[in-house]
1. Sort region 1-66 into rounded, prolate or oblate with this rule: let a ≥ b ≥ c be the square roots of the eigenvalues of the Cα gyration tensor; rounded if a/c is under 1.5, and if a/c is not under 1.5, prolate when a/b is larger than b/c, oblate otherwise.
2. For region 167-274, run through the chymotrypsin sites (Phe, Trp or Tyr not before Pro) and keep only the ones in DSSP coil with at most 10 other Cβ atoms within 10 Å of their Cβ.
3. Any idea what angle helix 15-25 forms with the longest principal axis of the chain, computed on alpha-carbon atoms, 0 to 90 degrees, nearest 10?
4. For the chain, what % of the accessible area comes from carbon and sulfur atoms, probe 1.4 Å?
5. Please tell me the relative contact order of region 168-303 in percent, rounded to the nearest whole number, where contacts are Cα pairs under 8 Å and at least six residues apart.
6. Please identify the trypsin sites (Lys or Arg not before Pro) of region 439-524 that satisfy two criteria: DSSP loop assignment and at most 16 other Cβ atoms within 10 Å. Which are they?
7. Got a sec? Charge dipole of the chain, +1 on Cβ for Lys and Arg, -1 for Asp and Glu; which of Pro247, Gly490, Ile94 is way out at the positive end?
8. If you scale each eigenvalue of the Cα gyration tensor by 5 and take the root, what three semi-axes come out for region 61-203, rounded to whole angstrom and sorted largest first?
Amino acid sequence: MCGIVAACLISEPVLGCLIEGLESLEYRGYDSAGVALSAPGTPRRRERGRVEDLKERIAEDPLPEARAGIAHTRWATHGAPSRPNAHPHRQGPITLVHNGILENHDELREVLAEHGAVFESETDTEVWAALLAFEERKTGSGVKVEAFLEALAAAMGRARGSYALAILHENHPGRVFFARNESPLVLGMGEGGRYLASDVAALLKRTHEFLYLEEGDLGWITAEDHLVVDRDLKARDLRPERVSWDPEAVEKGGYAHFMLKEIEEQAGVLARTLQSAAGAEGDFLPDFRLSDEKLRNIRRVVMIACGTALHAARVGKYLCEEGAGIPAEADYASEFRYRDPMIGPEDLVLAISQSGETADTLGALKVAISKGAVPAAICNVPGSSLCRAVEASILTKCGPEIGVASTKAFTGQLLALHLLTLRLAQARNALPEKEIERRLEILRGGHPAMQTLLSAGAREHVAEVAKKYARKPIFFFLGRGPDYPIALEGALKLKEISYVHAEGYPSGEMKHGPLALVSEDMVVVALAGETGNYAKVLGNLQEVKSRGGHLVVVTTTSRREAIELADDAILVPRTDPLIAPMLHVIPLQYMAYYVALERGCDIDKPRNLAKSVTVE
Ligand code: AGP
């Protein structure tokens with residue numbers, strides 16, 4: 001949820017590198033920001049608000065030069081956004097930044113206060129600093145690095161919850177200690193120095209070589225060396241991994257917002273993900289390492305995810321049942337993990353996540369694995385916690401997704417679900433080989449249709465419709481069948497970046513209550529494309545229209561009646577029903593974008609949210 005970055009550089013001052021890292025991590029949280037440098041007195045600057053505000057603060061009150069330091073951009077969990085609550089936090093010789101939640105912070109705060117700790121903030125992070133200072137006094141580590149690692153391991157033994165920590169100690173100039181449990185942390189090794197960050201995007205301008213730290217890892221970095229040990233202080237031999245993502249991929253590339261850039265990258269995502277589906281030797285889904293036999297023994301597919309990824313999972317239910325003839329369900333990861341789910345060795349548990357770091361999704365996967373389910377994942381970040389927790393994965397080739405509102409990852413997930421369905425159908429002989437090939441061709445044919453929807457003309461038409469209704473207080477998105485989760489996704493996009501109340505609903509359910517809401521203030525956006533059940537959808541549109549609601553219909557030229565009924569029609573190309581839902585979401589993404597633009601909202605960093613929810 002927060003973003004942390006640290007660096008130990010060989011020759012250049014570290015401040016610029018830390019600020020650059022914060023700017024690319026800001027999508028993870030933007031309530032406050034701060035830096036601390038490895039210099040006498042461990043100087044630090046912290047500010048409420050964005051990285052820009054921190055830069056202004058530093059300009060007013062400059063920092064001394066240093067070659068090592070730590071930095072943090074915060075998504076507030078404990079303690080309101082304020083300068084005293086901003087990281088880095090300090091206790092005694094320790095100054096640190098933290099991403100995660102210290103669940104037993106109350107009891108630790110009490111015990112540490114009894115031993116003389118004085119707290120200046122309401123945060124759980126300051127308790128971490130006090131705990132470390134306390135453990136160090138107990139081990140009397142002074143200037144020995146190994147002794148401090150012992151104190152850090154001891155503190156980890158007392159802490160409950162998730163954490164990624166970067167720590168400065170005034171007796172260890174030029175060195176940054178670290179520890180990781182559940183919250184993500186990568187170690188970068190570049191020509192100019194060594195780095196730590198919450199994700200690789202923050203460091204791509206500095207290095208492409210990373211060590212992915214695991215649960216319980218701790219250690220240190222200096223400008224030209226590093227050490228990773230486990231909780232018993234035994235050295236860990238991690239293999240460096242190369243991340244080929246292009247640093248420009250995390251830049252806006254001339255777009256006003258990352259969200260718009262990422263909407264328009266979707267056709268490329270479709271092509272790249274499809275291409276990678278057929279491995280180098282033409283083997284289908286090479287990373288999805290589950291044998292035909294294993295897939296034949298599966299009796300049910302249970303999909304777990306959050307937010308947009310869950311909407312993809314809900315589409316996946318329709319795909320799996322229709323294409324692979326296997327029962328499938330999709331559930332909120334945050335509900336699944338705590339309800340003692342009925343799941344076992346005959347179930348395939350499929351975790352879907354763009355970031356691969358969503359705490360609820362990882363937690364739900366752990367529960368399913370503990371009950372013997374066969375784990376698999378659809379994910380966009382290679383090396384993420386989720387990718388490393390499963391043997392069988394399908395990587396969406398979206399490149400980094402920076403905008404908080406997920407767009408290209410969603411269509412990438414839909415495509416991955418199509419491919420998974422075909423893999424299951426192949427293993428279970430649920431579809432003849434010819435039909436599988438035909439469907440693959442339809443998926444490949446989606447690219448030109450998607451390009452049409454991403455064209456300037458299509459975009460500008462949606463922008464006009466969005467501006468026309470941007471001030472309306474309530475939106476309903478309606479869809480049937482696999483268009484129902486698309487309606488849910490359209491509503492989520494709108495509410496999370498324009499703060500307008502929006503609901504997604506099955507078209508057939510309006511008459512069971514929500515029709516009472518229809519009024520001059522309500523905009524109904526209905527999906528009436530080529531996904532079947534048109535006659536029923538038409539009836540639902542008439543129900544809305546006859547009660548005075550504003551009706552926007554996403555449809556095709558063949559649906560004359562729907563076009564005539566609509567106050568505004570948004571046309572999508574006629575395609576096979578198999579890929580129609582994936583196309584329908586694009587005008588809804590644009591609609592959310594242009595309503596938010598019209599309302600002057602912060603599109604890439606909407607209030608109260610963050611890109612990757614790594615806490616529960
Ligand atoms: C979607 O636009 C939101 N940013 C949010 O619902 C997101 O989909 C959810 O937090 C899951 O994230 P993940 O895909 O990284 O697990």
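1. Oblate.
2. none
3. Result, in degrees: 30.
4. Working: 11070 of 22560 Å².
For the chain, the apolar C and S fraction of the accessible surface comes to 49 percent.
5. 16
6. Of the trypsin sites (Lys or Arg not before Pro), the ones in loops of region 439-524 whose Cβ has at most 16 other Cβ atoms within 10 Å are Arg471.
7. Result: Gly490.
8. Values: eigenvalues 100, 69, 48 Å².
Gyration-tensor ellipsoid for region 61-203: 22, 19, 15 Å.
The values are calculated or read from the model by the stated rules, or taken from the named source; none is laboratory data. Everything numeric here is computed off the predicted structure, so don't read it as measured data. Note: ideal-geometry Cβ built from the backbone for every residue, glycine included; neighbour counts use all protein chains shown. The protein model used for the area step is the full one, side chains on, heavy atoms only, and it has no ligands, DNA or RNA in it. Shrake-Rupley method; radii C 1.70, N 1.55, O 1.52, S 1.80 Å.
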